[in-house]
Amino acid sequence: MSKKNSNVLAIAIMFFLFAMISFVTGLQNPMGIIVKSQFGASNAMSQLGNLANFIAYAFMGLPAGFILKKYGYKFTSLAAVAVGFIGVGISFLSGVAESFAVYLIGAFVSGFSMCMLNTVVNPMLNTLGGGGNKGNQLIQFGGSLNSLAATICPVLVGYLIGEVTSETAISDANPALFIAMGVFALAFVIILFSKIPEPELEAAASSKQPQESTMQSVSKALSHKNLVFGVIAIFLYVGIEVGIPNIANLYMTSPEVGMSAGVAGTVVGMYWLLMLCGRLVGGAVGAKVSSKVMMTVVSSVAIVFILVGMFLPETFVKFPAINSNLSFSMVDIPLGVVFFVLCGLCTSVMWGAIFNLAVEGLGKYTSIASGLFMVMVCGGGVLPVIQGAVADSFSFIDSYWVLVAALAYILVFALYLSKPTVSKSSK
């Protein structure tokens, strides 16, 4: 009974950390609107904070996996939360200094924290669920809280910004930054006094076999072809998940549409809310529907949604939104954006399903695989910058071709490249 209660507490903590990842990462979306106004940044440059946040994964992904393997889940969680507090604190100082460079440093440091937290929560939930469909189910439920935090973030910061003017500044987002710092402080205390299972540390301690070197572990993990193709899929997926709402937000607040940041944030929040709905459904059916089938369906539908959104006539439709004075109303938004928002239903289950397929058969190398996944999360910074550059050169709508190509690869991964296979040279 005590072990069952311990698992319940561990799952609750991992869910809590899942939400923190999304809230802090989501800050870079509305902050892109702020820096575009305050510093006169281009569409591509407005995504540099997002890039800095995600490129940190490329530097910290493998080290985070090694830290997890050596010191366990609790130590890694505490270190990640402490770094997150510092990163958000630097973002606050960037408002005081009115410095774009300091803002980028804060985003970069925050990215280290988000990477370490991601490295912990995914394998932990997968392990607590026993792997397979049950492991995927727990990750999907954790992702639901992740989406809830992502829904709140752009609405909250959009409300704080209000109408985008020449006076809009980073300091406008201070209340959201204070909330994040407070939650990090609370999380540190909760984790410090909680008992978290350490299955891999216990297995390593009881094993009489000599421990492999870091490079041997990485090499053995990469001998699994489904992992190699899976980390590429994760790189593209995170870029898709972030790129859809980020570029839509820039599009809606641009002069050609002219929406306020608060209203546009509500629309973007609806994307994350649909991700929440999708993850709840994914969690409910995750034990019955295979990850392969789930991935095949949602990637196909996402391609259709984006193409429909791109080729629909440039007309406006009514959409529910919260105004800057917190009143509810129906606002006019581009019809194509509605279909971009609907993609949240599709991207909702992709992370858990890709992770589940990619680590199938890895066993003790799962923590190393999690580190490799974190390296490739930098795609969430790279693809939006590419999208922003395409938007600068062509149009916001044309930039979505980048995501269509990425989704096509993910569909191929689900259908053909996700079968667990070990390269002959490793046998």
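The values are calculated or read from the model by the stated rules, or taken from the named source; none is laboratory data. Because the structure is a prediction, the values reported are computed rather than measured. So basically every Cβ, Gly included, is an ideal-geometry build from the backbone, and we count neighbours across all protein chains shown. Just the protein is used for accessible areas: all its heavy atoms, side chains included, with ligands, DNA and RNA removed. Shrake-Rupley method; radii C 1.70, N 1.55, O 1.52, S 1.80 Å.
Filtered by the rule that a residue be out of contact with any Leu (no Cβ under 7 Å at 6 or more places or on another chain), of a type in the set (Phe, Trp, Tyr) and farther than 18 Å from residue 157 by Cβ, the stretch 228-260 gives 235, 237. Does residue 400 qualify as being within 22 Å of the chain's Cα centre (by Cα) and open to solvent by 30 Å² or more (accessible area, probe 1.4 Å)? So residue 400 does not fit the description; no.
So that you can scan it fast, the table gives a plain yes or no per residue for (1) over 15 Å from residue 29 (Cβ atoms); (2) hydroxyl-bearing (Ser, Thr, Tyr); (3) in contact with an Asp or Glu (Cβ under 6 Å, 6 or more places away or on another chain):
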residue: 234; (1), (2), (3): yes, no, no
residue: 245; (1), (2), (3): no, no, no
residue: 248; (1), (2), (3): no, no, no
residue: 261; (1), (2), (3): no, no, no
residue: 271; (1), (2), (3): no, yes, no
residue: 279; (1), (2), (3): yes, no, no
residue: 289; (1), (2), (3): yes, no, no
residue: 294; (1), (2), (3): yes, no, no
residue: 298; (1), (2), (3): yes, no, no
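Residues in the stretch 42-52 that are open to solvent by 10 Å² or more (accessible area, probe 1.4 Å) and of a type outside the set (Ser, Thr, Tyr): 6 in all.
Checking each residue of the stretch 74-87 against the condition of being open to solvent by less than 10 Å² (accessible area, probe 1.4 Å) and more than 21 Å from the chain's Cα centre (by Cα) gives no match. Picking from residues in the stretch 249-272 that are open to solvent by 10 Å² or more (accessible area, probe 1.4 Å), under 19 Å from the mean Cα position of the chain (by Cα) and of a type outside the set (S, T, N, Q), the one that is modelled with the highest pLDDT is 270. Looking across the stretch 222-241 at every residue that is open to solvent by 10 Å² or more (accessible area, probe 1.4 Å) and under 12 Å from the mean Cα position of the chain (by Cα), the one that is nearest to residue 301 (Cα to Cα) is identified as 241. Among the residues of the stretch 360-382, write down those that are of a type outside the set (S, T, N, Q) and open to solvent by less than 10 Å² (accessible area, probe 1.4 Å). Selection gives 362, 368, 369, 371, 373, 374, 377, 379, 380, 381. From the list 21, 55, the one residue that fits, being within 16 Å of residue 374 (Cβ to Cβ), surrounded by fewer than 24 Cβ atoms within 10 Å (Cβ to Cβ) and at pLDDT 80 or above, is 55.
Being at pLDDT below 80, among the charged types (D, E, K, R) and either closer than 22 Å to residue 387 by Cα or crowded, with 24+ Cβ neighbours inside 10 Å (or both) is a property that residue 36 has.
Would you check if there is a residue in the stretch 308-321 being within 21 Å of the chain's Cα centre (by Cα), at pLDDT 80 or above and more than 22 Å from residue 150 (Cα to Cα)? No: zero hits. Residues considered: 275, 295, 310. Of these, the only one that is assigned to a helix (DSSP H, G or I) and either more than 17 Å from residue 247 (Cβ to Cβ) or open to solvent by 30 Å² or more (accessible area, probe 1.4 Å) (or both) is 295.
Among the residues of the stretch 63-73, the one identified as touching a Gly at 6+ places or on another chain (Cβ under 7 Å) and open to solvent by 50 Å² or more (accessible area, probe 1.4 Å) is 66. Taken over the stretch 360-378, the residue count meeting the criterion of being closer than 30 Å to residue 288 by Cα and modelled with pLDDT of 85 or more is 1.
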